[in-house]
Structure formats: structure tokens, C-alpha cells
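> The structure under discussion is supplied below as C-alpha cells; questions concerning it will follow.
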Amino acid sequence: MRHAVAPAENVENNYFAVTDQLKICTHCERLSKKDLGVRIPRPLGNGPSRFIPEKEILQISKVDARTQSIFEDAFAALGRLDNISLVMGFHPQYLGSFLRTQHYLLQMDGPLSLHYRHYIGIMAAARHQCSYLVNLHVNDFLQVGGDPKWLNGLDEAPQKLQQLGELNKILAHRPWLLTKEHIECLLKAEEHSWSLAELIHAVVLLTHYHSLASFTFGCGITPEIHCDGGHTFRPPSLSQYCVCDIANGNGHANHHDDPLGNQEMCGEVEVLMERMKQLQECRDDEEASQEEMATRFEREKTESMLVATAEDEECVPSRDISRHFEDPSYGYKDFSRRGEHVPTFRVQDYSWEDHGFSLVNRLYPDVGQMLDEKFQMAYNLTYNTMATHKDVDTSMLRRAIWNYIHCMFGIRYDDYDYGEINQLLDRSFKIYIKTMVCSPEKTTKRMYESFWRQFQHSEKVHVNLLLMEARMQAELLYALRAITRYMT
């Protein structure tokens, strides 16, 4: 991008004003004098994530040949390597599955046209005020020939897409309210009606981007330097670092390097491992009755409704974001009050494995298989470690996290003892999970740092993958059940 060159005298005055405030290294000083008059953008963020040190993320591809190969393939296919992929690179097995699925949904043969796919992505991401994903797909929408007028707001888009607004709203915040009547309205809208195959494609895209917005906020993903919100031309105001240090994220402390913080949380991992061991022994000794299991689920479901999502004030979406969806005030929060009831969805009656998978595969071939692989990858992913401990079976912990998220959506597994959740997930972790899954736009760095303080960043990214996939599957279950009821 070219920018107007300022008069030499003004530039020189500005240059010396900046150097008075900053320590400039010799290399940068030489470059600055050489390129005097050129406005050079500086990244606003410190790497791909506000929560994870840049050096840790960039180190991944250097030590893992598979990650490097996946990055190269992604760049070849898209012409870019976004920050989401860089952070997911901690887990190359999962990243490969994720990118294959996303590529298929957006670019391969399918019921929906390419510009519709990107516009639905915009609608879904906007629901959670995720400007990062919105901007990404605004650019993609225009590149595939989308009408720029549609970007003025949902009311400028075709009636067919406008009708998807209600489904987008309910799926994002209260999927348990979805009925076969909602499906019927879309499939029988005369000249604006959707086909079943188109609707399945749209549902998968909506749930994909709702959950990806959760991951984006949960990992503190920052815009790339060339994107809106990713750069500035203003000089930094700190005096102890050179501009190049600040731009590269050097000199920023992180909670994992804080010896006092580590002392405070000493033993956190060992306590959690001991609880897992005790729960396993209890499982072997006695088994609760079905009545008791049902009671524990209802108790946990009720408690999950009352977990606060965030300390800060309600987020008001900007006009740039809110124009892409209807009813900005509609959210999960209304259902977290006492007295509200989320009905129980029994997986034994309608499950992904026995029902949803085959429905998706029938109407949108191969996608059911890809989604199933991605769900399994996130759920079963393990390196048998917990922080510095090796040879640890983490299946109990992974199942507790997955089932807690489904529990928040009213989904119950008859064979699971929900009493385990309170033993394994502490309050700060539950607040983080609830916020990231239900109101991701309110996720803060403080919340990210407050849970599992002794764990590695790669383990926290794994948690975010679990939360993202569990959320997507929960939304899909409600949508696919409503479609199945309509069809029968």
C-alpha cells in the first residue's frame, strides 16, 4: 500500500522527536535514516496471540516437520497463513483435520455458491462480534465475486440469507429452542426457500464459525499486520526497548515465567492428578444408580446456568459488526437467571454417532466423515502429559471438559457421572469455559491466565480445541434433530 510522502522537514522533525523518546538500535537507526519519509506499519499485537508469547508459537514449525509441511500446504492453497492456524500448530494432527474440513466447506463442490458460504461465515462470526473472522471473510467474499452492497448490512442481502438470521441467532445462543417449525419456515419459503442439502451446508458453516469465534477469543488471536486492527503507524511510547524489540514482542512478561505465580500455584497439577486417581478408584468400588446419575446431571446443569461468564460490562457490538445480524441483545445470558429451564437432551435418544453423522453424510457427502474425524481428533488427542508429568492418562479430564460443555447446553450422557465435574474443574476454569463457549467476546487475558497456571500454553490451546469442537457438536445435535423431526 502506498502512502503520501510527508515533506522532508516534517519527517525529519518527527524522526528526531521519536528518537528522543526511544532507544533506537544501530540497525534500526541506519534503516530509518535510509528510508526517511516512508510510513512503515507496526504490528499492534505481539505475535499471533495476545495470550501466548510469540516465540513459543514461532518455535513450533522449527521443531516439528509435520507442522511445517501443513503450514506450507495451507499457504499454497489460500495464499496466506492466518494466525488461527499458527496457534493451532501446537497440535499438527488436529490442524491438518481442521484445515481439510474448512477447505472443503469453503472451496470444494457443495450445495451453496462460494459467495454465500463466505457471507454465512460473516453472519455467524458477527453474532459473537468476532471482527477478526468477519474481516477475513469480507475479503474472501469480495474475492469470489460477492456483491459489495450485501456488506452494508443483512437487510441488503438476498431474502434467502435474511431468513437464515433467526437460525443463526438461536443456534449461537440458545440452540435448545430450535424446532422443526424453524426448519419448515426455511424449506417452505416459496421462491426464497432452501433445499435440504443447502440447509445442511449452511448449518455446518454457522456452527463452524460460531465455535471458531470461541477459539479466536479463547486464544486471544490478533489480526495479521495487513488486516484491519492489525497495524498502526504511531510510534510506540516505551523508552526501554527499540521499536524492533516492541514490534517483535520482546520484553513482555508472561505469567508462565513468573516465579511468584508458580510458587502460589505449586501443587496444582499434583492435586488434580490425585483427584483423578481417587475418582478412578471410586468408579471401581461402586457405581451410582441411574436415579442418582440423573440427579447429579440436573444439579450440574442448574449450577452451570449460574456460573458468571465475565466480570466486565456487557459488550455492545459496533455498527460494523452488528449490521450483519439481527437482534443484538439476544444472547445466552438471559437463560442464566434463576428459574429458567433448559430442557434435557438425552444423547441416547439422538446422538452424533447414530443419527447426526449419517444425516450430514447423506445430504452433504463426505462432510459427515470429515466432521467426525475432527471431533474424534480433538476428543482423543493426548500426549499422555500434564504440565511436567509424563505417562498420564488424561481421558477422564478430557471427558469431564467435553461433557461439562454439553451439560451447559442441556445434553446428557446416561452413562456419565456428572459428580466428577466438580472434582476436576475448579471455579476459575468453569468461568473460562462458560465465557468462551457462551459469550466468547468477553474472554480476557486475565481469565486465560487464571486457570491451569502450571500448564503449558500448548495444553491450554488443546483445551480450547476441546471447547470449540464440543460446542460445535452441541449446536449440530440440536439443528440436526430439528431437521430429522421435520423430515419424519
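Read the figures in this text as sums done on the coordinates, not as results from a lab. Values in this document were obtained by computation on a predicted structure and should not be read as measured data. Positions of Cβ are generated from backbone atoms using ideal geometry, with glycine treated the same way; all protein chains shown enter the neighbour counts.
> May I ask for the distance between the Cα centers of region 155-219 and region 99-143, given as a whole number of Å?
13 Å
> Now for a different question. Give me the percent relative contact order of region 65-223, please, defined on Cα pairs under 8 angstrom at least 6 residues apart. Provide the component values of the computation, followed by the final result.
Numbers: 131 pairs, mean separation 42.2, N = 159.
Reported as a whole number, the value is 27 percent.
> Also, quick follow-up: Rounded to the nearest 20 debye, what is the charge dipole size of region 65-223 about its Cα centre when +1 sits on each Lys and Arg Cβ and -1 on each Asp and Glu Cβ? If you can, show how the numbers build up before the last one.
Working: 11 positive and 14 negative charges, 85 e Å.
It works out to roughly 400 debye.
> Report P(r) for region 132-176: all Cα-Cα distances, bin width 10 Å, range 0 to the bin holding the largest distance, values in whole percent.
Each 10 Å bin holds this share of Cα pairs: 24, 46, 27, 3.
> While we're looking at this one, here's another question. Using only the alpha carbons of region 420-488, what is the convex hull's orientation-averaged projected area in square nanometres? Walk me through the intermediate numbers first.
Details: hull surface 24.0 nm².
Value for region 420-488: 6.0 nm².
> Checking the table Lys169/Lys434; Lys62/Lys434; Lys149/Lys442 against a 23 Å threshold on Cα-Cα, which pairs fail? Walk me through the numbers before you get to the answer.
Details: Lys169/Lys434 18 Å; Lys62/Lys434 34 Å; Lys149/Lys442 30 Å.
From Lys169/Lys434; Lys62/Lys434; Lys149/Lys442, over 23 Å: Lys62/Lys434; Lys149/Lys442.
> In region 65-223, how does Rg compare with the Kirkwood Rh, expressed as the Rg/Rh ratio over alpha carbon atoms? Show your work: numbers first, answer last.
Working: Rg = 16.1 Å, Rh = 16.5 Å.
Rounded to two decimals, Rg over Rh is 0.98.
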